[in-house]
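Asker: Quick one: the structure is below, questions incoming.
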Amino acid sequence: MGFEVLEVQPTPNPNALKFILNRSISEQSTSFFDAAAAKDHPVASALFEIPGVSSLLLLGDFITVNKRAEAKWPAIKEGVRRRLKVL
């Protein structure tokens with residue numbers, strides 16, 4: 001049963017977006033600062049497969065995705081939606 005992205009919200013950081021989900025993903029704040037740290041977490045490791053993703057924060061019903069400065073949001077947003085849907 002995958003996750004549905006209900007809303008994407010901006011943050012004060014132009015390289016971070018908050019993805020609001022249809023259900024809880026993590027009861028406690030969980031951060032991943034690189035793909036190696038996420039290797040044992042199925043959701044985080046799938047999101048790090050998206051080119052440009054640099055770090056993640058999972059908490060409650062949202063994920064904050066940080067991107068590298070040169071990466072573009074449209075492809076990352078689509079990748080997040082697609083990957084979460086099948087997890």
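The values are calculated or read from the model by the stated rules, or taken from the named source; none is laboratory data. Here the structure is a predicted model, which means the values were calculated and not measured. All Cβ positions, glycine included, derive from the backbone under ideal geometry; neighbour counts span all protein chains shown.
Asker: Here are some conditions: (1) in contact (Cβ under 8 Å) with a residue 60 or more places away in the chain; (2) of a type outside the set (Ser, Thr, Tyr); (3) surrounded by 12 or more Cβ atoms within 10 Å (Cβ to Cβ). Residue 52 meets all but one. Which one does it not meet?
Answerer: (1)
Asker: Also, quick follow-up: Checking the structure you have, find out if any residue of region 38-49 is under 11 Å from residue 16 (Cα atoms), not in a helix (DSSP H, G or I) and not aliphatic (A, V, I, L, M). So that I can check it myself, show each step before the final result.
Answerer: Filtering region 38-49 down to residues under 11 Å from residue 16 (Cα atoms) leaves none.
Taking every residue of region 38-49 in turn, none turns out to be under 11 Å from residue 16 (Cα atoms), not in a helix (DSSP H, G or I) and not aliphatic (A, V, I, L, M).
Asker: Out of the residues in region 1-25 meeting the condition of being without any contact (Cβ under 8 Å) to a residue 40 or more places away in the chain and over 15 Å from residue 66 (Cα atoms), tell me which one is surrounded by the most Cβ atoms within 10 Å (Cβ to Cβ).
Answerer: From region 1-25, those without any contact (Cβ under 8 Å) to a residue 40 or more places away in the chain are 1, 6-7, 9-10, 12, 14, 22-25; that's our starting set.
Subset that is over 15 Å from residue 66 (Cα atoms): 1, 6-7, 22-25.
Working: 1: 6, 6: 12, 7: 9, 22: 12, 23: 11, 24: 12, 25: 19.
Selected residue: 25.
Asker: Oh, and also: Please name all residue pairs, on different chains or six or more residues apart, with Cβ atoms under 7 Å, provided the first residue is in region 73-87 and is touching a residue at least 24 places away in the same chain (Cβ under 8 Å) and the second residue is part of a loop (DSSP other than H, G, I, E, B) and small (Gly, Ala, Ser).
Answerer: 76/52; 84/2; 85/2; 86/2; 87/2
Asker: What is the number of the single condition among (1) over 14 Å from residue 2 (Cα atoms); (2) surrounded by 15 or more Cβ atoms within 10 Å (Cβ to Cβ) that residue 28 does not meet?
Answerer: (2)
Asker: Next question. Please state which one of 55, 24 is in a strand (DSSP E or B), in contact with an Asp or Glu (Cβ under 8 Å, 6 or more places away or on another chain) and modelled with pLDDT of 95 or more.
Answerer: Numbers: 24 fails: in a strand (DSSP E or B).
Of 55, 24, the one residue that is in a strand (DSSP E or B), in contact with an Asp or Glu (Cβ under 8 Å, 6 or more places away or on another chain) and modelled with pLDDT of 95 or more is 55.
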